[in-house]
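Below: the structure, in structure tokens.
Every number here is computed from the coordinates shown, using simple stated rules; none is lab data. It should be emphasised that the depicted structure is a prediction, and the values quoted were computed from it without experimental measurement. Neighbour counts are summed over all protein chains in view; Cβ atoms, including those assigned to glycine, are modelled from backbone coordinates with ideal geometry.
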Amino acid sequence: LYSAYFVADGYKLLTKPDQNSYKIAPAVDRLVPAVQSFLPPDAADRVPEDVRTWTRVLGLAQIVGAVTYATGIARRPGALLLGAELMVIEAEFFLVFIGVSAAVVGGTVGGDRCVTHAAFLPRSLACC
């Protein structure tokens, strides 16, 4: 029952990529150049740059992850796939959250300089 949402959402991403590409565009703009710089030149040329293509790929990944999770064939890899795919779709939220926290890490609290590298910690924990 839990996986039904992911199958339906993945089907929507797969069949109607234009309606949902706005969610994925910020992540594609940042991730594609990073992936292309990491790969050898021959493989980097094959990485798609079109947001519609990535929307369809993520929809298919969501369907596969949900089906493997629901059937129990590969429950943990399916859950990992769903989690990774969700991070890409909701990347704008995560990037804003990390960006705000990273700005806090470099600041000061009560005159003390922050000394941690954990950008995801709340301000009270990230600073001395």
Cα shape, the range 1-86, gyration tensor, a/c 1.5 rule:
oblate
Roughly how big is the range 1-88's charge dipole about its Cα centre, with Cβ charges of +1 (Lys, Arg) and -1 (Asp, Glu), in debye to the nearest 20?
340
Output for the range 1-93: trypsin sites (Lys or Arg not before Pro) sitting in coil per DSSP, at most 10 other Cβ within 10 Å, listed by number, reads Arg46
